[in-house]
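Have a look at the structure below before the remarks.
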Amino acid sequence: MMKILKYLSIFVLIVLLFIVHLGAIYVLPHPWNTLNTTIVVISLLIIGWENGFVVWVAMFFYYIVELYSVSFFGLVLFSATTATLFTFWIYQSTFEKRTWFSGFGVSFILVIIFRGIYSILFLLFTFYDTGTILWKSFLFPYMWEIVLTPIVTGLIFIALNKTTTTFESIHELKY
Amino acid sequence: MTVAIILVILSIISAHYLGWLLRVEDVLRLIINPGSEIVYNWGIDFDNEKQFISNPEKLYEVYKLKEEEILSLQTARSENILLKDENYELRNQLNFFIQNKLRHIGADVIGKNIEPLTNTILINRGFEHGVRVGDPVVVGVGALIGRVTRIEQKSSVVRLLKDQRSGVAGTVLNKDRSIGIIEGGYGLSVRMNFIPQNEEIKNGDIIITSGLEDQVPRGLLIGNISAIEKELYQPFQKAVINPAVDLDRITVVSVITSLGESL
């Protein structure tokens with residue numbers, strides 16, 4: 001029973017997170033609307049949970065994102081989930097301390113890997129479809145996202161570091 | 001864990017394309033769409049608030065009225081030119097028919113693109129309302145904003161004119177009635193390409209749909225020319241278009257579902 005409630009609450013939180021993500025895109029002015037709130041949250045979950053379960057949560061979340069995407073189904077889901085997985089591995093093998101830098105670093109790595117895989121697959125599919133590639137058209141949409149998302153993650157990490165024990169700097173890592 | 005995740009992802013993708021997840025996806029959209037609509041309308045209201053923070057309220061009301069007036073006048077002007085052409089054709093033919101009224105349904109915009117490389121909006125009409133892929137979508141008195149690119153049971157995604165994968169056949173209302181393709185550029189601009197170099201176009205010329213494509217009737221207003229790009233020895237010239245409608249602040253649209261009698 002407790003497990004069912006736990007998974008149900010995770011489902012509700014994921015739906016709410018998606019609506020917050022939409023809110024950030026629709027309401028915030030440019031360039032803040034390029035902030036990827038999902039990556040901010042997933043980065044913090046990677047650091048806070050230190051558990052592979054975050055990859056499954058990310059997968060379910062990006063399945064919902066996929067429903068509102070016009071790209072080929074699976075593009076965002078595959079890119080984001082594998083990016084989360086790789087970032088989790090990198091976090092486990094590279095980061096030893098919990099500082100604002102780890103929040104910044106994890107978020108930066110995650111957004112770079114996600115957009116890298118997404119761009120490669122997107123170009124493959126659209127090249128097949130249209131026969132043209134506009135490399136510079138990728139720079140502007142992603143530039144702000146790559147800059148803002150890690151900064152915001154780092155700032156939120158600092159706030160959580162001071163207010164919760166989950167994100168405290170001196171912490172025995174679980175793996 | 002890696003293998004498990006890859007297998008699950010591939011299973012989900014396969015199940016989606018096989019249609020096994022249709023009900024699950026419909027339930028998820030049913031839960032999320034109302035939230036999306038609320039948040040989208042907040043975004044529009046917030047944008048409108050920003051406009052008159054530095055202007056008197058009265059000036060803003062007058063500005064909005066003038067904006068609608070300009071759109072109506074542009075549409076009326078394009079209809080007038082088309083009517084003149086049509087009158088000339090009718091005089092030379094024995095069998096003719098009066099321009100068909102368009103069958104259409106109204107829809108609310110409940111969301112927009114969540115990916116940075118696309119420019120789309122989400123509307124609350126789907127295949128159960130008669131919407132089909134490729135249907136043109138208009139606002140106001142007949143200004144084209146895009147075409148339906150994906151349909152679900154109760155919602156559809158509309159690809160806007162400024163999307164880089166958008167392409168609509170257009171006609172310039174100039175002396176030569178120049179034709180070309182209206183294409184988007186990753187949300188940064190709308191351009192008309194493949195206009196013959198030898199045909200004269202100028203800033204301010206109105207552009208309408210040419211009617212050369214299935215499902216898209218002739219005469220829908222697209223915008224007007226704001227700049228021309230011409231290179232010597234090239235067979236075609238290009239025009240940068242100022243769309244008739246602000247594609248970032250759309251709240252209500254109409255989907256043209258057939259070229260038959262209007263409802």
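With chain B treated as a Gaussian network of Cα nodes joined by springs under 10 Å, which of B:114, B:222, B:208 yields the largest mean-square fluctuation?
Evaluated over chain B, the most mobile residue of the options is B:114.
Can you work out the FRET efficiency for the pair residue B:233 and residue B:10, with r the C-beta to C-beta distance and R0 = 56 Å, to the nearest 0.05?
0.65
According to the Cα gyration tensor, what semi-axes, each the square root of 5 times an eigenvalue, does the equivalent ellipsoid of segment B:120-169 have, listed from largest to smallest in whole Å?
Each semi-axis is the square root of five times an eigenvalue, giving 18, 12, 9 Å.
Where Lys and Arg each count +1 and Asp and Glu each count -1, what net charge lies around residue A:66 among other residues with Cβ under 15 Å from its Cβ?
Around residue A:66, the charge tally is -2.
Give me A:165, A:153, B:2 sorted ascending by neighbouring Cβ count inside 10 Å, so fewest comes first.
A:165, B:2, A:153
Of B:18, B:212, B:247, which is the most mobile in a GNM of chain B whose springs link Cα atoms less than 10 angstrom apart?
B:18
Can you check what the net charge comes to around residue B:58, using other residues whose Cβ is under 13 Å from the Cβ of residue B:58 (Lys, Arg +1; Asp, Glu -1)?
Taking every Cβ under 13 Å from that of residue B:58, the sum is 0.
Cα-based Rg of chain A per 2.2 N^0.38 Å, rounded to two decimals?
This ratio for chain A stands at 1.06.
Using only the alpha-carbon atoms, what does segment A:1-55 span along each of its principal axes? Please give whole angstrom values in decreasing order.
Ordered largest first, segment A:1-55 gives principal extents of 44, 21, 13 Å.
Grab the beta carbon distance between residue A:32 and residue B:108, set R0 = 25 Å, and tell me the FRET efficiency rounded to 0.05.
Computed FRET efficiency for residue A:32 and residue B:108 comes out at 0.45.
Please give the per residue volume of the convex hull enclosing the alpha carbon atoms of segment B:189-236, rounded to a whole number of Å³.
About 96 Å³ per residue, rounded to a whole number.
Between beta-carbons, use under 14 Å as the cut-off and find the net charge around residue A:87, counting Lys and Arg +1, Asp and Glu -1.
It works out to a net charge of 0.
Keeping to pairs on different chains or 8 or more places apart, tell me how many lysine pairs in chain B have Cα atoms under 18 Å apart.
Summing the qualifying lysine pairs gives 13.
Of all alpha-carbon pairs in chain B, indicate the percentage at a distance above 23 angstrom.
Everything past 23 Å amounts to 59 percent.
Among B:174, B:242, B:124, determine the one that fluctuates most according to a GNM of chain B built with springs between C-alpha atoms less than 10 Å apart.
The residue with the greatest mean-square fluctuation here is B:174.
Just for the Cα atoms in the protein assembly as shown, what are the lengths along the principal axes, largest first, rounded to whole Å?
Taking the Cα atoms of the protein assembly as shown, the three principal extents are 88, 50, 44 Å.
Work out the FRET efficiency for residue B:64 and residue B:242 from their Cβ-Cβ distance, taking R0 = 22 Å, and round it to the nearest 0.05.
It comes out at approximately 0.75.
In a solvent-free Debye calculation with one equal scatterer on each Cα, what is log10 I(q)/I(0) for segment B:166-215 at q = 0.30 Å⁻¹, listed in the order of the q values?
Normalising to I(0) and taking log10 leaves -1.21.
Read-outs throughout are calculated quantities, based only on the coordinates presented, and are distinct from any laboratory measurement. Nothing here was measured: the structure is a model prediction, and the numbers come from that model. FYI the Cβ positions are ideal-geometry reconstructions off the backbone, even for glycines, and counts take in every protein chain you see.
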